[in-house]
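Visitor: Okay, here's the structure, questions in a sec.
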């Protein structure tokens, strides 16, 4: 069986270094907000070409804290793509804000900039873009709209570590970047982990305060915060992985090139655009017989995933919240998309095997 992902194999090459920093951290006796977190924050900010990075417990918290720092009023609106993962919308809802769904471009799967302005109202306060599958959004027109209407732009970079738009890295393209380091990500920890990136010292201090019970001085709580702190061990692991992120990205781009060149046009493949450097956290294809294709691949020893099978407005938890927001383009994507194996653990031979099986479908 060719697995969709094998985290043991993907991380095995780093085990010796992981063990070393684990022992160092264990013996240090300092496990929360210590040297490892501080060093990772500096190194990841440098990687993104930014001044500041604030480590948090997970990607959802990175999104939630980013929004909370804006001190918006209950019922204020945040524009968000209609085909995103549920976490992006939960961050909005959990802040007492209203998610306003905007459809994606059917070719890139990212929010369609040409559809955003018609959804802006007097209550709109932010645009939360999602760099889905490892491709950055078309940021110039989005930032122009944000400037015109005085909106904040928050990037959901969970799937786009190192992805670029016109030479600039995801996380540096808006006001804040919210990052997830869930284990399956290109830059994955060995548990939940996340971060927020920005260029403002004032905003970074606000994020640090919010992640730590609303406190910047121990036992003095100035705002209503949360407990969301990147732990020392995961930060240590991420520091190792970050040194190899370019290698991981290069490997996945090489596998993606094979798919793009060799896979039949019967399958709708990701678009490649001149101003974008895609990092292929996910390599998805679309096919009108997606479920049969998925079953055929499994019967022939190939495991796949669907990102994602249900549109957010069709989720039971969201029906009353997103009631009446119609998303036919998102629905079409959710009904036809299939994610193929493209992990750091996969070989070129395995990718050619996937292609050979798909050619017989």
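The values are calculated or read from the model by the stated rules, or taken from the named source; none is laboratory data. Every value quoted in this text rests on a predicted model; they were computed, and no experiment measured them. Please note: Cβ atoms are built from the backbone with ideal geometry, for glycine as well, and neighbour counts cover all protein chains shown.
Visitor: What's the total number of residues in the stretch 319-350 that are under 13 Å from residue 3 (Cβ atoms) and in a helix (DSSP H, G or I)?
Guide: Within the stretch 319-350, the first condition is being under 13 Å from residue 3 (Cβ atoms), and the residues that meet it are 339-347, 350.
Now narrow it down to the ones that are in a helix (DSSP H, G or I): 350.
Selection size over the stretch 319-350: 1.
Visitor: Give 204, 215, 200 a once-over and let me know the one that is crowded, with 22+ Cβ neighbours inside 10 Å and touching a strand residue (DSSP E or B) at 6+ places or on another chain (Cβ under 9 Å). Working first, answer last.
Guide: On the way: 215 fails: crowded, with 22+ Cβ neighbours inside 10 Å; 200 fails: crowded, with 22+ Cβ neighbours inside 10 Å.
Unique residue meeting the criteria: 204.
Visitor: To continue, here is another question. Have a look at 303, 250, 264 and point out the one that is within 19 Å of the chain's Cα centre (by Cα), in the same structural domain as residue 353 (by TED's automatic domain parsing) and over 18 Å from residue 42 (Cα atoms). Give the steps one after another, and end with the answer.
Guide: Values: 303 fails: within 19 Å of the chain's Cα centre (by Cα); 264 fails: within 19 Å of the chain's Cα centre (by Cα).
Answer to the selection: 250.
Visitor: Quick one: in the stretch 141-150, of everything that is in contact with a strand residue (DSSP E or B) (Cβ under 8 Å, 6 or more places away or on another chain) and surrounded by fewer than 21 Cβ atoms within 10 Å (Cβ to Cβ), which residue is nearest to residue 117 (Cα to Cα)? First the steps, then the outcome.
Guide: If we filter the stretch 141-150 for residues that are in contact with a strand residue (DSSP E or B) (Cβ under 8 Å, 6 or more places away or on another chain), which is where we start, we get 142-143, 145-146, 149.
Retained after the next criterion (residues that are surrounded by fewer than 21 Cβ atoms within 10 Å (Cβ to Cβ)): 143, 145, 149.
On the way: 143: 12, 145: 7, 149: 9 Å.
Applying the filter and picking the extreme gives 145.
Visitor: I'd like to check which helices (runs of 4 or more DSSP H) are fully inside the stretch 30-120 and have at least 3 residues that are surrounded by fewer than 18 Cβ atoms within 10 Å (Cβ to Cβ), touching a residue at least 60 places away in the same chain (Cβ under 8 Å) and in the same structural domain as residue 187 (by TED's automatic domain parsing). I'd like the intermediate steps shown before the answer.
Guide: Details: elements: 35-48, 59-68, 86-93.
Passing ranges, in order: 35-48.
Visitor: Among the listed residues 272, 285, 279, identify the single one that is part of a strand (DSSP E or B) and either modelled with pLDDT of 95 or more or within 21 Å of residue 105 (Cβ to Cβ) (or both).
Guide: Details: 272 fails: part of a strand (DSSP E or B); 279 fails: part of a strand (DSSP E or B).
That would be 285, the only listed residue that is part of a strand (DSSP E or B) and either modelled with pLDDT of 95 or more or within 21 Å of residue 105 (Cβ to Cβ) (or both).
Visitor: Considering only the stretch 1-29, state which residues are closer than 20 Å to residue 188 by Cβ, assigned to a helix (DSSP H, G or I) and either without any contact (Cβ under 8 Å) to a residue 24 or more places away in the chain or within 25 Å of the chain's Cα centre (by Cα) (or both).
Guide: Restricting attention to the stretch 1-29, the residues satisfying the condition of being closer than 20 Å to residue 188 by Cβ are 2-22, 25.
Keeping just the survivors that are assigned to a helix (DSSP H, G or I) gives 7-12, 15-22, 25.
7, 8, 9, 10, 11, 12, 15, 16, 18, 19, 20, listed by residue number.
Visitor: May I pose another question? Can you go through 134, 177, 171, 162 and tell me which one is farther than 19 Å from residue 87 by Cβ, in contact (Cβ under 8 Å) with a residue 12 or more places away in the chain and either in contact with a strand residue (DSSP E or B) (Cβ under 8 Å, 6 or more places away or on another chain) or surrounded by 22 or more Cβ atoms within 10 Å (Cβ to Cβ) (or both)? Step through it out loud before you land on a result.
Guide: On the way: 134 fails: farther than 19 Å from residue 87 by Cβ; 177 fails: farther than 19 Å from residue 87 by Cβ; 171 fails: farther than 19 Å from residue 87 by Cβ.
Among 134, 177, 171, 162, only 162 is farther than 19 Å from residue 87 by Cβ, in contact (Cβ under 8 Å) with a residue 12 or more places away in the chain and either in contact with a strand residue (DSSP E or B) (Cβ under 8 Å, 6 or more places away or on another chain) or surrounded by 22 or more Cβ atoms within 10 Å (Cβ to Cβ) (or both).
Visitor: Among the residues of the stretch 234-265, how many are assigned to a loop (DSSP other than H, G, I, E, B) and either in contact (Cβ under 8 Å) with a residue 40 or more places away in the chain or closer than 15 Å to residue 282 by Cβ (or both)? Steps first, answer last, please.
Guide: The first filter runs over the stretch 234-265 and keeps only residues assigned to a loop (DSSP other than H, G, I, E, B), leaving 244, 263-265.
Okay, now just the ones that are also either in contact (Cβ under 8 Å) with a residue 40 or more places away in the chain or closer than 15 Å to residue 282 by Cβ (or both), so 244, 263-264.
Residues meeting the conditions: 3.
Visitor: Then there is this: For the stretch 346-354, indicate whether the set of residues that are without any contact (Cβ under 8 Å) to a residue 12 or more places away in the chain, out of contact with any helix residue (DSSP H, G or I) (no Cβ under 9 Å at 6 or more places or on another chain) and under 30 Å from residue 244 (Cβ atoms) is non-empty. First the steps, then the outcome.
Guide: Here is the first cut: in the stretch 346-354, the residues without any contact (Cβ under 8 Å) to a residue 12 or more places away in the chain are 347, 349.
Retained after the next criterion (residues that are out of contact with any helix residue (DSSP H, G or I) (no Cβ under 9 Å at 6 or more places or on another chain)): 349.
In the following step, the residues that additionally are under 30 Å from residue 244 (Cβ atoms) were identified as 349.
The answer is yes; a qualifying residue exists.
Visitor: Sticking with this one: Which condition number in (1) under 30 Å from residue 13 (Cβ atoms); (2) buried (at least 19 other Cβ atoms within 10 Å of the Cβ); (3) out of contact with any strand residue (DSSP E or B) (no Cβ under 7 Å at 6 or more places or on another chain) is the one that residue 254 fails?
Guide: It fails just one condition, (2).
Visitor: Out of the residues in the stretch 314-338 meeting the condition of being under 23 Å from residue 136 (Cα atoms) and touching a strand residue (DSSP E or B) at 6+ places or on another chain (Cβ under 8 Å), tell me which one is surrounded by the most Cβ atoms within 10 Å (Cβ to Cβ).
Guide: Going through the qualifying residues, I end up with 330.
Visitor: In the stretch 298-312, what count of residues is obtained for those that are in a helix (DSSP H, G or I) and touching a helix residue (DSSP H, G or I) at 6+ places or on another chain (Cβ under 6 Å)?
Guide: Taking the stretch 298-312 as the starting set, the residues that turn out to be in a helix (DSSP H, G or I) are 298-299, 312.
Next, only the ones that are touching a helix residue (DSSP H, G or I) at 6+ places or on another chain (Cβ under 6 Å) stay: 312.
Number satisfying all stated conditions: 1.
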